[in-house]
Structures are given as structure tokens and as C-alpha cells.
Amino acid sequence: MVSQPLVLLPGLLNDARLFAQQVAALRDLAGETLVPELWHDDDAAALARRVLAAAPQRFALAGFSMGGYVAFEMLRQAPQRITRLALIDTSARADSAEQRKRREALIAQSQIGQFKGVTARLLPLLVHKDR
């Protein structure tokens, strides 16, 4: 089997450690694997451009949660480069009014230097209570 380059997009508050076991397990199948940081830009379009600039010419793509939003944008910007797509715990729908209000409140809180409060409010939504 010919190896296929793979791009794995982590979710909000995640980094490459999220996919460490998958990268190791898929090494023979995927060959080159890229797990980019998704915190350098303010919107999905800019994040997608940054990832596409660093990615191989053609690759398989997987996006987890917020990484899925970026994956959708990458698909809009460069569909010819993406050979396969996996979306994990993400949504193709726009935020509801309630989700948008919660997101804007978290952004405002982090902009005034209260990021620890953001993580305390987000973690119960992202991590099971037993963890």
C-alpha cells in the first residue's frame, strides 16, 4: 500500500498531543503526518490558509471539533488537494444564537485577561465529568 500524507487538525484547547497515538499507529500508512497548531489566527479562513501553506500538495485530512471547522474551510479553498476527509465530533451547521452568545462571552473574557475563567467554563462542555 502506498503511503498517503496526512493532516490532522486538533480541536479547541488541543495540540499535537491529542493525536500522538494515532500518528504512531498510522506511521506506516500515512508516512508524512502534519498536526498544525490552530491558535495563530483569528478565523477559520486564515487558519486554513496557514495549514494549506504548510501541507503537502495532496493529502488526507481529519479534523476534530474546531479542527473540523478548519477542515471545511480547507475543502472550500483547495478541494483538489484533499484526497480523503474524516470529520470527528464537529458540525457543518452555523452556531445557534445561544452558541454564538456563549462564544462571544468567552472571547470577551479572554480578551480582558481572564483565560483561566474561560477554560473553567469550557472544560465541562468538552470533557466528561469523570475525567
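Here are some notes:
- Residues being surrounded by fewer than 20 Cβ atoms within 10 Å (Cβ to Cβ), touching a residue at least 24 places away in the same chain (Cβ under 8 Å) and not charged (D, E, K, R) - total across region 67-84: 5
- Selection count, region 85-112, where residues are under 16 Å from residue 35 (Cα atoms) and open to solvent by 50 Å² or more (accessible area, probe 1.4 Å): 3
- Verdict on residue 27 being surrounded by 13 or more Cβ atoms within 10 Å (Cβ to Cβ) and either over 14 Å from residue 9 (Cβ atoms) or in contact with a Cys (Cβ under 7 Å, 6 or more places away or on another chain) (or both): yes
- Considering residues of region 30-47 that are of a type in the set (A, V, I, L, M, F, W, C) and under 10 Å from the mean Cα position of the chain (by Cα) only, the residue most open to solvent (accessible area, probe 1.4 Å): 39
So that you can scan it fast, the table gives a plain yes or no per residue for (1) at negative phi; (2) under 13 Å from the mean Cα position of the chain (by Cα); (3) in a helix (DSSP H, G or I):
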{"position": "11", "(1), (2), (3)": "yes, yes, no"}
{"position": "21", "(1), (2), (3)": "yes, no, yes"}
{"position": "53", "(1), (2), (3)": "yes, no, yes"}
{"position": "76", "(1), (2), (3)": "yes, no, yes"}
{"position": "87", "(1), (2), (3)": "yes, yes, no"}
{"position": "94", "(1), (2), (3)": "yes, no, no"}
{"position": "103", "(1), (2), (3)": "yes, no, yes"}
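- Counting residues in region 55-65 that are part of a helix (DSSP H, G or I), under 16 Å from the mean Cα position of the chain (by Cα), over 22 Å from residue 122 (Cβ atoms) and not basic (Lys, Arg) gives zero.
The values are calculated or read from the model by the stated rules, or taken from the named source; none is laboratory data. Just so we're clear, the structure is a prediction, and the values are computed from it rather than from any experiment. As a convention, Cβ positions derive from the backbone with ideal geometry for all residues, glycine included, and neighbour counts pool all protein chains shown. Note: areas computed on protein heavy atoms with side chains; ligands, DNA, RNA excluded. Shrake-Rupley method; radii C 1.70, N 1.55, O 1.52, S 1.80 Å.
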